[in-house]
C-alpha cells in the first residue's frame with residue numbers, strides 16, 4: 001500500500017516538473033492580437049455647442065416706457081410679429097395734430113383759396129369791362145381823364161388781387177409744396193408712432209428678453225435676442241493637431257447630451273483660418289442640414305467627424321503601438337515563439353485601432369502591450385490571443401479624443 005502511494009507522489013512530482021519545464025521552454029504568457037484585415041474609420045471626436053448662424057438683437061429706436069410685452073424665451077416669431085408695445089400718448093397727439101392739419105388744408109384752406117380765386121377773377125372781369133367802357137367814353141369826351149384813371153387803377157388792383165389769389169390757390173393745390181409738407185408731417189408722426197410697437201424683423205426663436213411692463217427703455221438697450229431659423233450650426237473647438245486630416249464637406253455624427261439616443265448628421269462647412277494660441281485649438285463649424293426638433297441654442301453636443309475610411313485595411317489595436325513618431329511606430333511581433341521588435345508605417349488612425357501600411361501583414365501576432373518593459377528581443381513568449389477593442393468613443397468624459405497619440 002505504501003509503495004503505491006509513493007509511486008503516485010513520484011508521478012505527480014514528475015508531472016509538475018515536466019509542466020514547469022514546458023512552461024519555461026514555451027516562455028511567459030502575454031496578451032496578444034492577431035493582425036487582421038478589417039474596415040477602418042478614422043474619426044476626430046470632440047464636444048461642441050449648438051449655434052445659430054446669426055442672432056438678431058432687437059431694441060427700441062426711441063425712449064419710452066414699456067406697457068406690454070408679448071413674447072418670452074422660447075417663443076417662435078415671424079417677421080412683423082409684435083414683441084413689445086411702448087407708451088405712445090405724446091406721439092399719438094402729434095400724429096393726430098398732423099392729420100388734422102392735412103385735413104384742414106384739404107377740406108378748408110384749399111376750398112377757401114379756390115373760392116377767393118373765383119371771386120377775384122370775377123372782380124377782375126368786372127373791372128376790365130368797366131375800364132373798357134370808360135376808355136370808349138373818354139374817346140368821345142363824355143368823361144374826364146380823372147374818371148378814366150380811376151377805372152384803370154381799379155382794373156390794375158383787380159388784376160393784382162386775382163394774381164395773388166391764383167398763386168395762393170396753386171400753392172394749396174393737390175401735390176403742391178403745402179400739401180407735400182403736410183403729408184410729410186403726417187408720415188413723420190406716423191413713423192414715430194409706429195416705433196412704439198417693437199416688431200421682429202426675422203423668423204426665429206426668442207433667446208432672451210430684457211423688457212417688462214413699466215421699464216424705461218432707450219435706443220442703446222437690447223430688449224430681445226432672436227436666433228434666426230435660417231440654419232443651425234455646431235461650433236466645435238478641436239485640438240490643432242487634427243488640422244492635417246480635416247477637410248470641408250466631411251461628415252459627422254452628433255449626439256446631444258440631453259438626447260443621447262437621437263443622433264443627427266452634420267457636415268464640416270468652415271475651418272477657422274486661425275488657431276487659438278491660449279488653448280491650442282481651431283474652431284470648426286458643422287452645418288446641421290436637417291436639425292431635429294429638440295435642438296436648442298448653446299446645447300452641448302458630442303461630435304464624431306469622419307476624416308478617413310478604408311473598406312479593407314491591415315489593422316492593429318493602438319495599445320500594440322510603441323515609440324510613436326508621426327506616422328511611424330514600433331510593435332512587438334511574436335515569430336517562432338520569440339519576441340521581435342519591428343518598425344511599422346501607419347496610415348489611418350482610429351480611436352482604438354490603426355492601419356498599418358508597411359511592416360505587418362494579416363496573420364502576424366503582436367503583443368498587446370506595445371511598451372512591454374521587461375521583454376527583450378529573442379525572448380520566448382507565449383501569446384494569449386484576445387479580441388480587438390471596439391471603435392467606440394468614450395463620451396462620458398466630454399473631452400476631445402485627438403486622432404494623434406503621444
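The values are calculated or read from the model by the stated rules, or taken from the named source; none is laboratory data. As the structure is a prediction and not an experimental result, all values here were calculated from the model. Here the Cβ is made from the backbone with ideal geometry for all residues, glycine too, and neighbour counts use every protein chain on show.
Let me spell it out: the conditions are (1) within 20 Å of the chain's Cα centre (by Cα); (2) touching a residue at least 40 places away in the same chain (Cβ under 8 Å); (3) on the phi > 0 side of the Ramachandran plot, and residue 280 meets all of them except one. Which number is the exception?
Of the numbered conditions (1) within 20 Å of the chain's Cα centre (by Cα); (2) touching a residue at least 40 places away in the same chain (Cβ under 8 Å); (3) on the phi > 0 side of the Ramachandran plot, the odd one out for residue 280 is (1).
Residue by residue through the range 171-217, note down the ones that are farther than 25 Å from residue 93 by Cβ and in the same structural domain as residue 77 (by TED's automatic domain parsing).
200, 201, 202, 203, 204, 205, 206, 207, 208, 209, 210, 212
Select, from 134, 55, the only residue that is surrounded by 15 or more Cβ atoms within 10 Å (Cβ to Cβ) and out of contact with any strand residue (DSSP E or B) (no Cβ under 8 Å at 6 or more places or on another chain).
One residue alone meets the criteria, 134.
Just name the residue that is surrounded by the most Cβ atoms within 10 Å (Cβ to Cβ) out of those in the range 76-92 that are outside any loop (DSSP other than H, G, I, E, B) and touching a helix residue (DSSP H, G or I) at 6+ places or on another chain (Cβ under 7 Å).
Among those that are outside any loop (DSSP other than H, G, I, E, B) and touching a helix residue (DSSP H, G or I) at 6+ places or on another chain (Cβ under 7 Å), it is 91.
Is it fair to say residue 317 is in the same structural domain as residue 378 (by TED's automatic domain parsing) and surrounded by fewer than 18 Cβ atoms within 10 Å (Cβ to Cβ)?
Taking the combined requirement at face value, the residue does not satisfy it.
Does residue 306 satisfy being closer than 28 Å to residue 249 by Cα, free of Cβ contacts under 8 Å to residues at least 40 places away in the same chain, surrounded by fewer than 20 Cβ atoms within 10 Å (Cβ to Cβ) and in the same structural domain as residue 259 (by TED's automatic domain parsing)?
No.
Identify, from the list 129, 150, 133, 166, the residue that is within 23 Å of residue 104 (Cα to Cα) and at pLDDT 85 or above.
Result: 166 is the single residue among 129, 150, 133, 166 that is within 23 Å of residue 104 (Cα to Cα) and at pLDDT 85 or above.
Tell me yes or no: at least one residue of the range 144-154 is closer than 30 Å to residue 114 by Cβ, surrounded by fewer than 13 Cβ atoms within 10 Å (Cβ to Cβ) and in the same structural domain as residue 111 (by TED's automatic domain parsing).
There is at least one residue in the range 144-154 that is closer than 30 Å to residue 114 by Cβ, surrounded by fewer than 13 Cβ atoms within 10 Å (Cβ to Cβ) and in the same structural domain as residue 111 (by TED's automatic domain parsing).
Report the residue count in the range 336-345 for those that are surrounded by fewer than 21 Cβ atoms within 10 Å (Cβ to Cβ) and farther than 14 Å from residue 384 by Cα.
6
Tell me, yes or no, whether the range 115-130 has at least one residue that is outside any helix (DSSP H, G or I) and over 57 Å from the mean Cα position of the chain (by Cα).
no
Does the range 274-297 contain any residue that is assigned to a strand (DSSP E or B) and within 30 Å of residue 367 (Cβ to Cβ)?
No, the range 274-297 contains no residue that is assigned to a strand (DSSP E or B) and within 30 Å of residue 367 (Cβ to Cβ).
Mind telling me which of the residues 167, 207, 137, 193 ends up being under 30 Å from residue 84 (Cβ atoms) and out of contact with any helix residue (DSSP H, G or I) (no Cβ under 7 Å at 6 or more places or on another chain)?
207
Of the residues that make up the range 240-252, is at least one at pLDDT below 90, assigned to a strand (DSSP E or B), surrounded by 17 or more Cβ atoms within 10 Å (Cβ to Cβ) and not assigned by TED's automatic domain parsing to the domain that holds residue 112?
The answer is no; no qualifying residue exists.
Confirm whether residue 73 is in a helix (DSSP H, G or I) and either closer than 30 Å to residue 223 by Cβ or at pLDDT below 90 (or both).
For residue 73, the condition - in a helix (DSSP H, G or I) and either closer than 30 Å to residue 223 by Cβ or at pLDDT below 90 (or both) - is not met.
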